[in-house]
Structure formats: C-alpha cells, structure tokens
Amino acid sequence: MPKRPHDATPPPDSGLPEHARAPLPDEPTPLLGNRTPRQFMRRYWQRKPLLIRQAIPGITAPLARDELFELADLDDVESRLITHFRNTWNLEHGPFAPDELPSAKKREWTLLVQGVNLHDDRAHALMSRFRFIPDARLDDLMISYATDGGGVGPHFDSYDVFLLQVHGKRRWRIGAQRDLSLKPGLPLKVLQHFEPEEEWVLEPGDMLYLPPHIAHDGIAEGECMTASIGFRAPSEHELTAQFLYHLAERAGEAPDGARANARYRDPGQAPVANPAALPAILVERVGAILADVDWSEKDVAAFLGSYLSEPKANVVFDPPERALNEQRFLERAKKTGVRLDRKTILLYDGRSYFVNGEAALLSSKLKKWLPELADTRRLEAKRFVTLTDDSTMTALLHEWYRAGWIRMGALA
C-alpha cells in the first residue's frame, strides 16, 4: 500500500493566520468577491450562481498530481475514473494502482477523488476556509484531475458546490434549465438536452459557486485540477427514515421502555372464515400505536447531532501506535496542545455534544472547553493548562486520543 501524502498544513480554525481561516460573518473577503459571508448567504446561497475571480490569489493544488494518484490507490479512499474515449462514456471505481490509470498525455479522462480533506492537512485547511457555513452542512473536498478535454459531461447536483480552480484551466458552461432528463443507458448522469446560458474559463484562484440543480459542464483546457467543496443535503425520505429509526432505537432505552417493548395484543379478535384477509382490528390497533408516537425538538436535535456527525462508512481512524498513559498525555498536552483529527466530526448544541456519531450530555464542566474545541478544532497548550484540573476533561480527551479522534499538538 502506498504511503499517504504528507501532512504539511495545520488544521484550519480561528487561531490560524487570516489567509488560512474562515472569514467572520461580517468580514469582507476575496474568497467571496470582497463580500461578507452574511451578504453571500443572503444574496446567493441556494439562490443563484456566482463567479468569483481570484477568490484565493496565488493558490496551488493542495496535492501534486502524483500525490493524488497515490491517494486514489488507497482502500479507504473513494475514487472514480471517467473516460470519454472515442465519444463513449465509461466509469470505473477505485482503488486504482498507478499502472491502472491512463497516461497523463492521453486526452479526455478524469480522476475524481472524494474526501481528500480526510487524508491531507493541506486539503483540510483549504476546505476549512468555508466554515462560515455550519459544519453540519459541510461535506467534503473532492479533487478532480483531468487531461485536456476531460470532464464528466453536462449534469446537475442536488447540493451546493464551490468549484475552485487550483491548477490549469477549465471552461465552465452553466444554465438554469428546467429539463433535467438524462441520457439513457449511460454509467453517468449526463443531461440529455443541455442548454448553457453563460460560459467562462477559470484559471487558478478563480471559483464558481453553484446552488442545487444548476446545470453545468466543465471541460479541461490542458491538464487541470479543480477542488469541489460540497455540502450535505439529505433527502426528506432519508431524513424521515433515519429519524424514525433513531426513535425506535432509543425507545427501549427510555424510562418507559417496558411499554415500548410490550407485545401486540388482540383479546377482542373474533374467529375468521377468511384467514388470509388482513384483520380490521389489527389495522386499527397498530394505527393507534403509531398515532401515539410523539417527539420533541430535543429528540430532533439529538437525532441530527448523531446522524450528521457519523463518519462515512469508509472512514478509518488510526490510533497512536504507542499511546501515552493519561498522565504522560496530560504532560505532553500542556506543552503542545491538542487538535481534532481531520476525520473527527464534533458538533454541539445547548444540551449535548456529538462526536463521530456518539451523543453525550454537555455538562457545565464540559461547556467550559468543548464548544471551543469543536469551533476551533484545537486547544492551545496555554488554554489546556488552565483546564487540566478538571479530571473529567482530561479523561475524556485521553479516551479520544487513544481512539485516534484527537492528535497531540495544536499544529500539525
């Protein structure tokens, strides 16, 4: 198995220099065309596209081409190879050994690598510039590598996306068309009748924001790399199904769990002449049981925190090879601070915190430091020193450290 690309850039948060952190809500920023995040969210978010020239001036690709190819060879990395050779679309799923990819000199092929932010600090730092949007909505950073003429065909996404050019040039055509029918029989979702309305060539540092369902087609002009910052947008069906599962899973854990686990009874059932017919009394009584199910805003928040902090199926945490005991962990943390692992998702509300799919009460002691860790993704050494009299904190952080959820050092 190839080595992972090196971790060169510290995790992004409010403690980093201005060029490596998310802008504050009312802070004008080149990232948004000298608009503030508040102006952008009010005027453009989920409303209309926005082209931003030199959103990040002087940017270079977070990973070099060969590093991206190495990443695509890992079992826990989601990657896809899309080719359009001889005018025929083809899709393959990784991992890809280096000799399984076409030559970089061959035209019209694209490598898509998802979740690069989970595996490289430089990509994580780049994605964290967009944390003016809640972490609960921020999904991942994908890097698209393409040779000349490469693309994935005209298509639309069901979520918001920032398309940041990080190497070479790509020509984008977009249109707010209503006809979203797809070409049949293809391995890709390619629009059948693409009707572009606007067109631009993006160079390194330029960025295009697209709300959901805006049709777009990007074609590489020479070798190029594009970073796509995407957002979570679960369907109503997915949310409903997962929430009902969440309620059912916790029903037996509630104080009145005995009632939830009571068996169905029908002492009034009469004998039947048609045994295959669905009994009316069964439908009536089950309907009454379901009608009695209720939930509160607290239940919804608990579900969302656990659901949205759950790592994706391919995410694997790497515990330290030689874990420090709690005392030595504490001594080291007082000198170096700690930081969340790139893959860790830590959310909170006024009652609870949610880490990697697990939920727990946000006690008064935890409120002193846990929201800070979640928002900044780090605890500096000097901040750590003021809090280490709290054994609850040190024990919890040591547990997370042993699980690979946090790392030593406020900077990577």
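The values are calculated or read from the model by the stated rules, or taken from the named source; none is laboratory data. Treat the numbers as computed from the prediction; the structure is a model and nothing was measured. With ideal geometry, Cβ positions are generated from the backbone for all residues, glycine too; neighbour counts draw on all protein chains shown.
Quick look at the numbers
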read-out: Per-region count, the stretch 129-151, residues of a type in the set (S, T, N, Q) and surrounded by 23 or more Cβ atoms within 10 Å (Cβ to Cβ); value: 1
read-out: Breaking point among (1) surrounded by 11 or more Cβ atoms within 10 Å (Cβ to Cβ); (2) under 30 Å from His119 (Cβ atoms); (3) of a type in the set (Ser, Thr, Tyr), for Thr240; value: (2)
read-out: Residue satisfying condition, being closer than 27 Å to Ala136 by Cβ and small (Gly, Ala, Ser), within set Ala333, Ala273, Ala241; value: Ala241
read-out: Within the stretch 312-324, tally of residues that are charged (D, E, K, R) and buried (at least 16 other Cβ atoms within 10 Å of the Cβ); value: 0
read-out: Test: residue in the stretch 21-43 that is modelled with pLDDT of 95 or more, more than 22 Å from Asn117 (Cα to Cα), in contact with a strand residue (DSSP E or B) (Cβ under 7 Å, 6 or more places away or on another chain) and buried (at least 20 other Cβ atoms within 10 Å of the Cβ); value: no
read-out: Residue list for the stretch 164-221, filter: within 26 Å of Thr88 (Cβ to Cβ) and of a type in the set (S, T, N, Q); value: Gln177, Ser181, Gln192
read-out: Single residue of the stretch 221-237 satisfying the filter (out of contact with any strand residue (DSSP E or B) (no Cβ under 7 Å at 6 or more places or on another chain) and surrounded by 14 or more Cβ atoms within 10 Å (Cβ to Cβ)) that is nearest to Phe162 (Cα to Cα); value: Ala233
read-out: Qualifying strands (runs of 3 or more DSSP E) (wholly inside the stretch 47-100; at least 2 residues being without any contact (Cβ under 8 Å) to a residue 24 or more places away in the chain and in the same structural domain as Glu198 (by TED's automatic domain parsing)); value: 90-93
read-out: Residue match in the stretch 284-302 (condition: in contact with a Phe, Trp or Tyr (Cβ under 6 Å, 6 or more places away or on another chain) and either farther than 15 Å from Arg402 by Cα or assigned to a helix (DSSP H, G or I) (or both)); value: no
read-out: Complete set of residues in the stretch 49-64 that are surrounded by fewer than 17 Cβ atoms within 10 Å (Cβ to Cβ) and touching a His at 6+ places or on another chain (Cβ under 8 Å); value: Thr60
read-out: Subset tally (residues that are modelled with pLDDT of 70 or more, over 18 Å from Arg285 (Cβ atoms) and in the same structural domain as Ala359 (by TED's automatic domain parsing)) for the stretch 249-274; value: 2
read-out: Failed item, numbered, when Ala360 is tested on (1) in contact with a helix residue (DSSP H, G or I) (Cβ under 9 Å, 6 or more places away or on another chain); (2) touching a residue at least 24 places away in the same chain (Cβ under 8 Å); value: (2)
read-out: Elements of type strands (runs of 3 or more DSSP E) in the stretch 116-226, at least 3 residues being in contact (Cβ under 8 Å) with a residue 24 or more places away in the chain and touching a Gly at 6+ places or on another chain (Cβ under 6 Å); value: 161-175
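A quick yes/no check of all residues on (1) within 22 Å of the chain's Cα centre (by Cα); (2) modelled with pLDDT of 95 or more:
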site	(1), (2)
Leu101	no, yes
Arg107	no, yes
Val113	yes, yes
Leu118	yes, yes
Gly149	no, yes
Pro154	no, yes
Asp179	no, no
Glu199	no, yes
Asp206	no, yes
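A quick yes/no check of all residues on (1) touching a helix residue (DSSP H, G or I) at 6+ places or on another chain (Cβ under 9 Å); (2) surrounded by 20 or more Cβ atoms within 10 Å (Cβ to Cβ); (3) hydrophobic (A, V, I, L, M, F, W, C); (4) at positive phi:
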{"residue": "Glu310", "(1), (2), (3), (4)": "no, no, no, no"}
{"residue": "Glu326", "(1), (2), (3), (4)": "yes, no, no, no"}
{"residue": "Glu331", "(1), (2), (3), (4)": "no, no, no, no"}
{"residue": "Lys335", "(1), (2), (3), (4)": "yes, no, no, no"}
{"residue": "Lys367", "(1), (2), (3), (4)": "no, no, no, no"}
{"residue": "Pro371", "(1), (2), (3), (4)": "no, no, no, no"}
{"residue": "Arg377", "(1), (2), (3), (4)": "yes, yes, no, yes"}
{"residue": "Glu380", "(1), (2), (3), (4)": "no, no, no, no"}
{"residue": "Ala403", "(1), (2), (3), (4)": "no, no, yes, no"}
